[in-house]
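Only one structure is covered here, and it is reproduced in the block below.
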Amino acid sequence: MDRIGDVALFLRTLDLGSISAAARSLDLSPAVASQRLKRLERELGVRLLHRTTRRMHPTPEGSLLAAQGRALIDEFDSLAASLRGSGGAGGVSGVLRMTASASFGRQYISPLLPDFLAAHPALRISLDLDDRVVDLVGGGYDLAIRIGALPDSSLVARPLARNRYVLCASPDYLARRGTPRTPADLAAHDGVLLFGNRGRHDVWRLLDAQGRETAVRMQARFESNLGEALRDAALSGLGIAQHSLWHVHEDLRAGRLRAVLPDYRIAETAIHAVMPQRRLVPPRVDALLAFLAARLGDPPPWEAGMEAA
């Protein structure tokens with residue numbers, strides 16, 4: 001038990017950035033916490049932390065312990081909760097570390113978290129909003145919210161909501177350049193394009209009512225890796241954008257953007273919660289998954305009042 005507690009203290013120190021903050025969160029004195037961390041380093045025979053004036057940083061050995069030790073602590077906590085028969089709010093505690101794309105996380109995840117925290121007062125949440133795909137295991141994250149097709153990996157994914165796409169442009173752009181009537185017409189228009197971890201998304205694939213696909217390679221005067229920048233560009237009349245409906249549904253309702261080629265559809269994907277593989281899922285993660293599925297499930301809130309695509 002001492003070693004498990006010491007590893008938990010080490011992880012809390014990394015999460016909070018200092019021994020004193022970790023000690024306060026665990027009702028320990030800083031001196032006792034420091035002694036326990038030194039004991040852990042002696043027992044393992046390696047140095048785990050670089051101590052700077054502002055923050056604690058892991059050594060390479062510390063990073064390895066953090067990646068593998070966090071799963072160990074989560075497994076132990078989950079087992080302890082199961083043995084106590086604690087499936088409710090009483091078993092939801094500790095620090096839940098999650099990451100999500102900047103736009104979706106800001107629009108849909110962060111507004112929900114105060115209600116979740118109010119229901120689980122022993123829980124703390126660390127939310128990292130970043131459009132980059134981060135290493136969940138190496139970064140010590142409990143889960144990520146990811147949008148679109150998922151690459152094959154050892155991670156576990158649970159769907160939360162469907163993700164529909166729409167082509168859209170500003171009324172000003174369509175007045176100047178004309179409204180496309182067929183997918184082939186898109187070749188004569190400017191696109192507003194996304195690029196990211198999987199390359200440049202310049203080939204748009206549209207399906208007609210019979211499911212036949214037309215692929216069009218778009219030209220662009222503007223491209224970005226950030227969805228907010230693409231939305232701003234479309235609103236400013238720089239071209240036609242392919243957006244997730246969750247991102248632009250308010251603009252479509254208000255008439256700031258108009259759907260382009262609404263009789264054609266784009267293959268939908270999904271919004272997933274992605275987690276490291278574990279034999280036992282921590283109660284805090286199970287509780288958040290159930291909460292998000294209830295709030296974002298079928299139909300998703302951004303589709304309320306919208307005609308089905």
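Helix-only arithmetic for the chain: the sum of -39500 (n - 2.57) across DSSP H runs with n ≥ 4, divided by the residue total, places the mean residue ellipticity at 222 nm at -11000 deg cm²/dmol.
Antiparallel DSSP bridges in the chain: what percent, to the nearest 5?
65
Look at the alpha carbon pairs under 8 Å that are at least 6 residues apart: their mean separation over the length of the stretch 165-267 gives a relative contact order of 45 percent.
Only Lys, Arg, Asp and Glu carry charge here, each on its Cβ (+1 for the first two, -1 for the last two); on that basis the chain has a dipole of about 600 debye about its Cα centre. Per-residue 3J(HN,Hα) values for the stretch 96-113, derived from phi via the Karplus relation 6.51 cos²θ - 1.76 cosθ + 1.60 with θ = phi - 60°, read 9, 9, 9, 9, 8, 4, 4, 5, 5, x, 5, 6, 10, 8, 4, x, 7, 5 Hz in sequence order (x marks Gly and Pro).
One way to sum up the overall shape of the stretch 151-309 is the equivalent ellipsoid from its Cα gyration tensor, whose semi-axes run 32, 17, 15 Å, largest first.
For Cα Rg over 2.2 N^0.38 Å, the value calculated from this model appears in (i) 0.94; (ii) 1.21; (iii) 1.60 under label (ii).
Since every read-out is calculated from the coordinates, none of them should be taken as a lab result. Being a predicted model, the structure only gives us computed values, none of them experimental. Using ideal geometry, Cβ is built from the backbone for each residue, glycine included, and neighbour counts are taken over all protein chains shown.
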